[in-house]
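**Q** For reference, the structure I am asking about is given below.
The values are calculated or read from the model by the stated rules, or taken from the named source; none is laboratory data. Here the structure is a predicted model, which means the values were calculated and not measured. Cβ coordinates were reconstructed from backbone atoms using ideal geometry, including for glycine residues, and neighbour counts include every protein chain displayed.
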Amino acid sequence: MRRITTAALLVRSVPVGEADLVATFFTETDGKLAATVRGARRSQRRFGGALEPIHELVLRLVDRGKELCTLEEARVERPRTRITTDLARMDVAGHALRWVRHLCPPRTPEPGVWRELGAMLEALERGPEVPAPTALLARFGLQLLAEMGYGLDFERCVRCAKPCPPGRAAFVDAARGGLLCMGCGGARRSITGDLRQAAVALVLGRDASLDDVGARELVDIVEEGMAAHSDWAEADGGLVTRR
Ligand SMILES: [Zn+2]
């Protein structure tokens with residue numbers, strides 16, 4: 001038996017039986033972990049508001065090597081009430097958490113994803129002066145794919161490796177990992193040279209100016225890539241299932 005104390009984010013919670021929950025967390029130390037929460041719905045007192053998404057939590061779990069750990073204790077370490085009271089921010093944060101749930105395998109530490117996700121949630125929380133929420137999501141999505149080994153190449157053809165000159169529009173097939181040149185058959189989707197440059201910068205962790213239309217296009221591209229490598233689906237039941 002192992003006791004785990006870790007920072008975590010709730011990425012799924014589903015009621016079980018009369019009083020219990022199965023909660024899935026993305027944890028700092030162990031990656032994605034699922035846990036039984038006994039009596040969670042009978043006694044609000046025991047876990048308080050600590051079983052809500054978005055806020056950074058600290059958990060104490062007991063791991064007996066089975067599929068599910070047992071949650072012993074949970075508290076909110078870093079509340080993010082600005083996100084939870086703003087629909088646009090909430091939608092973006094919820095998307096990011098669901099991406100992580102679908103893409104990250106269980107019990108595999110992902111320190112890079114933990115860091116990028118925390119940075120994105122903090123940027124969302126800080127206020128109106130930050131970039132538009134969708135631009136933050138696009139950036140996080142590109143970095144998440146890269147962290148998981150599915151990074152998209154916006155600089156050269158993924159088939160023949162021919163580089164695409166800066167500023168030029170190109171075909172993108174996210175399921176195949178990035179650009180496809182005309183000689184290799186192209187793809188259904190094409191993006192402008194400007195958007196391609198922005199994507200290249202974001203993949204490298206640099207800043208890029210991105211309007212909302214461009215950000216949404218990159219989010220679509222990220223989700224195409226994600227669908228090729230996971231069971232990602234837009235309608236997945238959300239973060240919290242209530243009865
Ligand atoms: Zn090619």
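**Q** Find all pairs meeting these conditions: Cβ atoms under 9 angstrom apart; at least six residues apart or on different chains; first residue within the range 221-241 and assigned by TED's automatic domain parsing to the domain that holds Arg101 and part of a helix (DSSP H, G or I); second residue buried (at least 17 other Cβ atoms within 10 Å of the Cβ) and acidic (Asp, Glu).
**A** Final answer for the pair search is Glu224/Asp173.
**Q** State all residues of the range 145-173 that are under 13 Å from Ile221 (Cα atoms) and away from the ligand (no atom under 16 Å from the Cβ); if no residue qualifies, say none.
**A** The answer is Leu145, Tyr150, Gly151.
**Q** Does any residue of the range 58-76 turn out to be under 18 Å from the mean Cα position of the chain (by Cα), hydrophobic (A, V, I, L, M, F, W, C) and not assigned by TED's automatic domain parsing to the domain that holds Pro105?
**A** No, the range 58-76 contains no residue that is under 18 Å from the mean Cα position of the chain (by Cα), hydrophobic (A, V, I, L, M, F, W, C) and not assigned by TED's automatic domain parsing to the domain that holds Pro105.
**Q** Does Arg189 count as within 16 Å of the ligand (Cβ to nearest atom) and surrounded by 17 or more Cβ atoms within 10 Å (Cβ to Cβ)? Even if it seems obvious, please write down each step before you answer.
**A** Details: within 16 Å of the ligand (Cβ to nearest atom): yes; surrounded by 17 or more Cβ atoms within 10 Å (Cβ to Cβ): no.
When the stated conditions are applied, Arg189 does not pass them.
**Q** Among what's in the range 194-213 and is surrounded by 14 or more Cβ atoms within 10 Å (Cβ to Cβ) and among the small types (Gly, Ala, Ser), pick the residue that is farthest from the ligand (Cβ to nearest atom).
**A** Filtering the range 194-213 for residues that are surrounded by 14 or more Cβ atoms within 10 Å (Cβ to Cβ) and among the small types (Gly, Ala, Ser), the one farthest from the ligand (Cβ to nearest atom) comes out as Ala208.
**Q** Considering only residues that are among the hydrophobic types (A, V, I, L, M, F, W, C) and surrounded by fewer than 17 Cβ atoms within 10 Å (Cβ to Cβ), which ones fall in the range 1-33?
**A** Met1, Val14, Val16, Ala19
**Q** Would you point out the residue of the range 162-185, among those that are over 29 Å from the mean Cα position of the chain (by Cα) and charged (D, E, K, R), that is nearest to Gly151 (Cα to Cα)?
**A** Here the residue is Lys162.
**Q** Considering only the range 44-83, state which residues are surrounded by fewer than 16 Cβ atoms within 10 Å (Cβ to Cβ) and within 24 Å of Thr134 (Cα to Cα).
**A** Of everything in the range 44-83, those that are surrounded by fewer than 16 Cβ atoms within 10 Å (Cβ to Cβ) and within 24 Å of Thr134 (Cα to Cα) turn out to be Arg78, Pro79, Thr81, Arg82.
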